[in-house]
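For reference, the structure is listed below as structure tokens.
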Amino acid sequence: MFDRLKILYELQNLDDQLDELEELRGDLPNAVEALEEKIKGMKNEIAAKEKDRKDSMEKRKDNEEEIEKLKENQKKFKAQLYQVRNNKEYDALTKEIDHTEDQIGKLEAENDNLADLSKKLSDEIETITPQLNESKEELKVKEADLKEIIKANEKEEAKLRAKRKEIESQTKKPDYLAYMRIRKAKKGKAVATIKRSACSGCHNIVPPQRQLEIRRNNRLFFCEYCGRILVSTEIADKVDA
């Protein structure tokens, strides 16, 4: 059992060191991720607006072609007015002319709206594009800063991760699962020692009888206040030596 507790304390020490390296990166990883999401969103927005603008232009073109056809038909109807033989034919032709006029009017009105939409979309794209370029430049700077920090510590981090992998392989599965669960809940600190009769994690007093039991190093004990795994100073001293 002594070795199981010792391994957990070693694992915590390694994770503490890795956490310190992570802290050196500051908020850069989050900032880079946020910028990547922002850039992705702006690219998607521009692509959607470009598609809408293209669709509106194609629709205007189709409408213009339809207007030309309607105008040709209107000319034919008007020419036929001079050849009518009775009022019924005249009424039928004038009805067709009026209907064609209405269709042309609707299509021209739709094209005016499509032209306004196309202009609006173009203006919006022109507004977003500089913001996109600015975010891309900002991302380059932050990525370079992050890369520099990572590079400065990559050898040390690789060494620590290799050692952690080795220690993890020696950890019993139930112990590791408990360790990781507590580590997640307690923002990294899963194992604590007894300092001045208190848990080094939450600083609450550990009863004398419990301290005695912990010093025996024969089972896992958890702080009754914060839930961290408690190890004796003997184990801590042996690992830290």
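Each value in this text was obtained by applying a stated rule to the coordinates, not by laboratory testing. Since the model is a prediction, treat every value here as computed from it, not as a measurement. All Cβ positions, even for glycine, are placed from backbone atoms using ideal geometry, and neighbour counts span all protein chains on display.
Side notes on the structure shown:
- With the charge dipole of region 173-240 set up from +1 on Lys and Arg Cβ and -1 on Asp and Glu Cβ about the Cα centre, the Cα lying farthest toward the positive end among the listed residues Pro208, Tyr176, Asn218 is that of Tyr176.
- The chain - convex hull of alpha carbons, volume per residue in Å³: 222
- Relative contact order (%) - criterion: Cα under 8 Å, at least six apart; region: region 113-224: 8
- Debye log10 I(q)/I(0) at q = 0.20, 0.29 Å⁻¹ for region 25-93, Cα point scatterers: -0.87, -1.10
- Vicinal HN-Hα couplings computed from phi for region 73-85 (Karplus, 6.51 cos²θ - 1.76 cosθ + 1.60; Hz; Gly/Pro x): 5, 4, 4, 5, 4, 5, 5, 6, 4, 7, 10, 5, 10
- Percent RCO, i.e. relative contact order, over region 62-135, from Cα pairs under 8 Å lying at least 6 residues apart: 36
- Across region 25-170, the mean sequence separation of Cα contacts (distance under 8 Å, 6 or more residues apart), normalised by length, yields a relative contact order of 44 percent.
- Amide H partners (placed H, <5 Å) of Leu230, local residues excluded: Ala192, Phe221, Phe222, Cys223
- Restraint check, Lys54/Lys136; Lys43/Lys159; Lys155/Lys195, Cα-Cα greater than 28 Å: Lys43/Lys159; Lys155/Lys195
- Secondary-structure-derived ellipticity at 222 nm for the chain, considering helices only, amounts to -28500 deg cm²/dmol, per-run term -39500 (n - 2.57) for DSSP H runs with n ≥ 4.
- Taking label points 7 Å from Cα along the Cα-to-Cβ direction, Ala162 and Ala115 give a separation of 7.1 nm.
- Put in order of Cβ neighbour count within 10 Å, fewest first, the listed residues Phe221, Phe2 become Phe2, Phe221.
- Restraint check, Lys69/Lys95; Lys38/Lys140; Lys38/Lys120; Lys6/Lys238; Lys59/Lys106; Lys51/Lys119, Cα-Cα greater than 19 Å: Lys38/Lys120
- Set of lysines near Lys88 by C-alpha distance (under 19 Å), chain-local residues within fewer than 8 positions excluded: Lys76, Lys78
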